[in-house]
Amino acid sequence: MTVFLDLIGSWIVRASLIIVMLTLTLNMNNTLYRSNQQAYAKKMLTAVDSIMYSDVNEAGYNVSGVTFQTATDTAMQFLGDLNGGGVPETVHWYAVWNEPTRLYTLYRYVNNENGGNPIKMGNTFSTVSFKYYDKNGNTTSTLANIVSVRVSLVSRYVLTNAFATTKGVTSDTMYVSTNFRIHPVNL
């Protein structure tokens, strides 16, 4: 009888070890999947802020007169010779609020690119904010006084579980953000 109890006990211990090992494997795979999603979200935001930084840094290049044409919380339009061709392009960055998703869609328009059509830079932004500063570092709304721009972007991503098809598995939300100030040399 003790041999029989020993066999049952060893089977229970083995089954427990297998369950623990499978659970650990599933959790590690899920963590790896989520970290890849986070890295992708950060990479996408970095691409957007790099393009925006490059555009705004060229504001005022080969421009005579007032550089900024629009300067609001969610839109900026300015002149700058992005391609170095001697003629300034009109660059327009603007966000459009989508009420059903409660997120912003960010667009970039350059008058001589993409056939004159705006390019959607992303539609997962919970925050899009532009602030403008004068030469003394004070915020300004006077277009002729703008010498630097602060950009704040927060993008929302839904992180799904690698095993989201399993009933009862939930997902959660992650936010990635960037906040930088640009001092174009031509202003």
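The values are calculated or read from the model by the stated rules, or taken from the named source; none is laboratory data. On a predicted model such as this, the values are computed, not experimentally measured, just so you know. As a convention, Cβ positions derive from the backbone with ideal geometry for all residues, glycine included, and neighbour counts pool all protein chains shown.
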- Message: Return the pair list, or none, for Cβ contacts closer than 9 Å from residues in the stretch 42-69 that are surrounded by 15 or more Cβ atoms within 10 Å (Cβ to Cβ) to residues that are part of a helix (DSSP H, G or I), at least 6 apart or on different chains.
- Response: Thr67/Leu143; Thr67/Ala144; Phe68/Leu143; Phe68/Ala144
- Message: Condition check: modelled with pLDDT of 95 or more, surrounded by fewer than 11 Cβ atoms within 10 Å (Cβ to Cβ), part of a loop (DSSP other than H, G, I, E, B) and small (Gly, Ala, Ser). Does Gly137 satisfy that?
- Response: yes
- Message: Being at pLDDT below 95 and β-branched (Val, Ile, Thr) is the filter here; which residues of the stretch 67-87 pass it?
- Response: Val87
- Item | Every pair of residues 6+ apart whose Cβ atoms lie under 8 Å, when the first sits in the stretch 86-104 and is charged (D, E, K, R) while the second is surrounded by fewer than 15 Cβ atoms within 10 Å (Cβ to Cβ) and assigned to a loop (DSSP other than H, G, I, E, B) | Glu89/Asn83; Glu89/Asn111; Glu89/Asn112
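If you scan the stretch 112-128, which residues turn out to be part of a strand (DSSP E or B) and at positive phi? Give the steps one after another, and end with the answer.
Quick first cut of the stretch 112-128, residues part of a strand (DSSP E or B) only: 119-128.
Listed by number, the list holds a single entry, Gly122.
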- Task: Return a yes/no flag: does the stretch 99-111 have any residue that is modelled with pLDDT of 95 or more, buried (at least 18 other Cβ atoms within 10 Å of the Cβ) and either small (Gly, Ala, Ser) or not in a strand (DSSP E or B) (or both).
- Result: no
